[in-house]
Amino acid sequence: MRVASWLPLAAFALLTACPWAWATWGRAGTPQFTGTDERAKQTIGELRPGYRPWIGPVLQVSHGAEAALFAGQALFGVALVVYSIASCRHLKAQERGHASRD
Amino acid sequence: MWRGGALTMHIMEGFLPASHALAWSVAALPPVAWGMRKINHQLRERPETRLILGTSAGFSFVLSALKLPSIAGSSSHPTGIGLGALLLGPAVMSVLGLIVLLFQAIFLAHGGITTLGANTFAMAIVGSYVAAGVYRVGSSLRVPFAISVFLAAALSDMATYLVTAMQLALAFPDPHTGVYGAALKFLAVFSLSQVPLAVIEGLLTVLVMNLLRSHAMDLMARLLPSLGSRVR
């Protein structure tokens with residue numbers, strides 16, 4: 001694997017692992033990460049006390065279901081990428097086949 | 001174990017006043033319509049471009065499902081917009097970004113239908129055009145390929161949060177310091193998690209672009225001739 005390929009991968013792994021490690025060993029207890037939207041909601045509460053959303057989400061999901069849905073979204077994305085790359089390779093192979101016959 | 005609130009970075013349902021939500025939807029409409037026109041044209045001319053569309057949409061779906069923690073104790077996710085903006089152009093990626101946001105708004109209670117216009121404007125439109133613009137400037141200044149791609153993806157991510165912070169600040173100005181003060185507060189909220197995420201997004205985009213460049217770029221450039229002028 002070329003340096004240009006593994007270097008970003010290593011940096012990605014490091015950047016993702018460090019916060020986990022810090023949260024696990026740097027602070028006592030289970031790591032808790034508040035969503036950015038929760039922090040934004042707190043800021044809205046400070047700027048406009050008593051503000052309530054005028055409409056709620058179409059679908060209310062529990063945290064467990066949310067995690068599963070996010071995993072589903074990621075799987076769907078992976079499937080799309082794999083299908084597209086596989087089709088590209090298939091096209092390339094077809095072109096090579098045509099070229100060798102010609 | 002992962003615990004926390006709804007791990008999201010888009011403006012939540014009902015968190016923009018109706019007039020603002022409507023105004024951002026109207027603002028997002030022309031670029032999205034232009035992007036749809038371009039997709040229709042590309043698919044009619046070269047149906048195989050659906051493969052590049054699939055790769056870009058898939059990458060965005062995967063990245064926006066990656067809930068990553070930050071040292072600050074908050075979490076958020078990258079957008080995955082940069083790659084598609086470089087491969088397909090910003091107009092087309094605006095539409096794909098809208099599809100990702102719509103999916104999340106309907107099925108994940110992430111973002112919202114009423115805030116879809118504002119989120120589309122920030123992520124799919126501004127994010128895409130910033131990525132394409134930064135890459136173009138980098139290329140014209142002969143910045144190395146990987147650095148141009150990294151900057152394009154990372155700054156696209158940062159631009160998304162900058163615009164989101166501005167949208168919220170316009171809706172909820174600080175009683176004392178006005179829109180400017182509120183914008184600084186929202187930027188402080190986002191910057192803690194988004195700066196590291198922007199770096200992660202930049203790195204992942206470089207990784208994927210390097211792989212595509214070495215294995216499939218010749219074929220992709222033949223499928224979509226304008227790609228050759230965008231990505232060298």
So which residues in region B:14-24 are assigned to a helix (DSSP H, G or I), crowded, with 19+ Cβ neighbours inside 10 Å and small (Gly, Ala, Ser)? B:21
Does residue B:52 satisfy being part of a helix (DSSP H, G or I), at pLDDT 90 or above and within 19 Å of the chain's Cα centre (by Cα)? no
Which condition number does residue B:143 fail, the rest of (1) more than 9 Å from chain A (Cβ to nearest Cβ); (2) in contact with a Gly (Cβ under 9 Å, 6 or more places away or on another chain) being met? (2)
Of the residues that sit in region B:27-65 and are in contact (Cβ under 8 Å) with a residue 40 or more places away in the chain and farther than 20 Å from residue B:126 by Cα, which one is farthest from the other protein chains (Cβ to nearest Cβ)? B:42
Note: among B:208, B:179, just one is among the hydrophobic types (A, V, I, L, M, F, W, C) and under 20 Å from the mean Cα position of the chain (by Cα), namely B:208
Would it be correct to say that residue B:121 is more than 19 Å from residue B:208 (Cβ to Cβ), under 11 Å from the mean Cα position of the chain (by Cα) and either buried (at least 24 other Cβ atoms within 10 Å of the Cβ) or away from chain A (no Cβ under 14 Å) (or both)? yes
Within the set of pairs 6+ apart or on separate chains, which have a first residue in region B:166-187 that is under 16 Å from residue B:17 (Cβ atoms), a second that is polar (S, T, N, Q) and at pLDDT below 95, and C-beta atoms under 7 Å apart? B:186/A:43
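Here's the yes/no breakdown for (1) over 20 Å from the mean Cα position of the chain (by Cα); (2) charged (D, E, K, R):
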| residue | (1), (2) |
| --- | --- |
| A:60 | yes, no |
| A:69 | no, no |
| A:86 | yes, no |
| A:95 | yes, yes |
Just to be sure before I move on: is residue A:72 on the phi > 0 side of the Ramachandran plot and modelled with pLDDT of 80 or more in the structure I sent? no
Checked pairs for region A:70-87, first facing chain B (nearest Cβ under 7 Å) and more than 18 Å from residue B:68 (Cβ to Cβ), second surrounded by 14 or more Cβ atoms within 10 Å (Cβ to Cβ) and among the polar types (S, T, N, Q), C-beta under 7 Å and 6 or more apart or across chains, list as A:81/B:55; A:84/B:55; A:85/B:55
Return the pairs, sorted by first residue and then second, in which the second residue is loosely packed, with under 12 Cβ neighbours inside 10 Å, the first residue lies in region A:35-64 and is more than 7 Å from chain B (Cβ to nearest Cβ), the beta carbons are less than 9 Å apart, and the residues are 6+ apart or on different chains. A:63/B:3
In region B:26-64, which residues are closer than 30 Å to residue A:60 by Cβ and buried (at least 19 other Cβ atoms within 10 Å of the Cβ)? B:28, B:32, B:57, B:58, B:59, B:60, B:61, B:62, B:63, B:64
Can you tell me which of (1) more than 9 Å from the chain's Cα centre (by Cα); (2) within 20 Å of residue B:29 (Cα to Cα) is the one residue B:128 doesn't meet? (1)
Do you know which residues across region B:124-144 are surrounded by fewer than 24 Cβ atoms within 10 Å (Cβ to Cβ) and polar (S, T, N, Q)? B:139, B:140
Can you name every residue in region A:38-75 that is of a type in the set (Ser, Thr, Tyr) and more than 21 Å from residue B:18 (Cβ to Cβ)? A:62
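The values are calculated or read from the model by the stated rules, or taken from the named source; none is laboratory data. The structure displayed is predicted, hence computed values, not measured ones. We place every Cβ from the backbone using ideal geometry, glycine too, and count neighbours over all the protein chains shown.
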